[in-house]
Amino acid sequence: FKLSQLAASLKNTEYIIFCGVHFMAETADILSAAHQKVILPNMEAGCSMADMAATDDVLDCWDDLQDILSSSGGITPITYMNSTAAIKALCGRNGGIVCTSTNAPATFKWAFEQSERILFLPDQHLGRNTALKLGIKLHEMLVWNPFLQLGGHTEASIHAAKVILWQGHCSVHTRFTITQIDEA
C-alpha cells in the first residue's frame, strides 16, 4: 500500500513498474493518475490468499448474507488490502471498507457502528485475531466455506454470528513449522 501511495505521488512519472503481485499493481493503478500506466512485469505473480476470494464466490456469499441478514441488523463487508480490486470494489459498493493489518481494529469498530455484523475477507486469521482483540468470542465467529451451501452454516448460526470470516489464508505461512521458527 505504501509503495502504491509513493508511486501515485510521483505525478510526473508516466510508467509505474510494480515488481509485486497482482493486487499490489491493481492498488497502484487505482491510486495513480489517469496519465500513469502501471506495468506488472510478471503476469504470473499472484497472491494465493487474494485468489482464495474469487469474485463470483464472494458475490454468491454476499447475496446469501443479504437475503438472510438485511432485515435483522445487516452486515458490513471489510476486505484486507491483500485482495483484488474487484473485492475492494464490492466492499465499497456495499457500504464497506478496505483495511490494513495496522488499522484493522479501527475498521472493525467503524463497521460495528454501521451494522451488527462483519464479513471479513480474505484472511480469516487477521479477521479472527482482530475480533478477539476487540473482545469478540470465538463462538460469535464463523468461517464461510464458499464451496458449501450457506458457507456450511444454518441461517440460525449466521444470525447468531458477529463476524463471518472468509475461508482464506496466506498459504506461504503454512509452509513454516514451529521448529523452523525456533531455529530462526
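The values are calculated or read from the model by the stated rules, or taken from the named source; none is laboratory data. Predicted, not measured: the structure shown is a model, and the values here were computed from it. Every residue, glycine among them, receives a Cβ derived from its backbone with ideal geometry; neighbour counts consider all protein chains shown. We work out accessible area using only protein heavy atoms, side chains counted, and drop any ligands, DNA or RNA first. Shrake-Rupley method; radii C 1.70, N 1.55, O 1.52, S 1.80 Å.
What the table below lists for this structure:
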{"read-out": "Options Asp29, Asp56: the member that is at pLDDT below 85 and part of a helix (DSSP H, G or I)", "value": "Asp29"}
{"read-out": "From Ala8, Ala34, residue being at pLDDT below 85 and either in a loop (DSSP other than H, G, I, E, B) or not basic (Lys, Arg) (or both)", "value": "Ala8"}
{"read-out": "So Leu65, is it open to solvent by less than 20 Å² (accessible area, probe 1.4 Å) and out of contact with any Ser or Thr (no Cβ under 6 Å at 6 or more places or on another chain)", "value": "yes"}
{"read-out": "Residue in region 108-162 that is nearest to the chain's Cα centre (by Cα), counting only those that are farther than 12 Å from Ile75 by Cα and of a type in the set (D, E, K, R)", "value": "Asp123"}
{"read-out": "Options Asn12, Asn103, Asn82; residue that is crowded, with 20+ Cβ neighbours inside 10 Å and of a type in the set (S, T, N, Q)", "value": "Asn82"}
{"read-out": "Neighbours by Cβ (under 8 Å, 6+ apart or cross-chain): first from region 60-83, touching a residue at least 12 places away in the same chain (Cβ under 8 Å); second of a type in the set (Lys, Arg) and open to solvent by less than 30 Å² (accessible area, probe 1.4 Å)", "value": "Leu69/Arg117; Gly73/Arg117; Gly74/Arg117; Ile75/Arg117; Thr76/Arg117; Thr79/Lys88"}
{"read-out": "Within region 61-105, considering residues that are assigned to a helix (DSSP H, G or I) and touching a Lys or Arg at 6+ places or on another chain (Cβ under 9 Å), the one nearest to Leu132 (Cα to Cα)", "value": "Pro105"}
{"read-out": "Positions within region 128-144 being touching a Phe, Trp or Tyr at 6+ places or on another chain (Cβ under 9 Å) and either over 17 Å from Ile118 (Cβ atoms) or small (Gly, Ala, Ser) (or both), in sequence order", "value": "Ala131"}
{"read-out": "Residue in region 101-108 that is modelled with pLDDT under 95 and closer than 18 Å to Gln167 by Cα present", "value": "yes"}
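One line per residue, one yes/no per condition, for (1) under 26 Å from Val143 (Cα atoms); (2) surrounded by 17 or more Cβ atoms within 10 Å (Cβ to Cβ); (3) without any contact (Cβ under 8 Å) to a residue 40 or more places away in the chain; (4) of a type in the set (A, V, I, L, M):
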residue	(1), (2), (3), (4)
Ser4	no, yes, yes, no
Phe18	no, yes, yes, no
Glu26	no, yes, no, no
Ser32	no, yes, yes, no
Gln36	no, yes, yes, no
Glu44	no, no, yes, no
Met52	yes, yes, no, yes
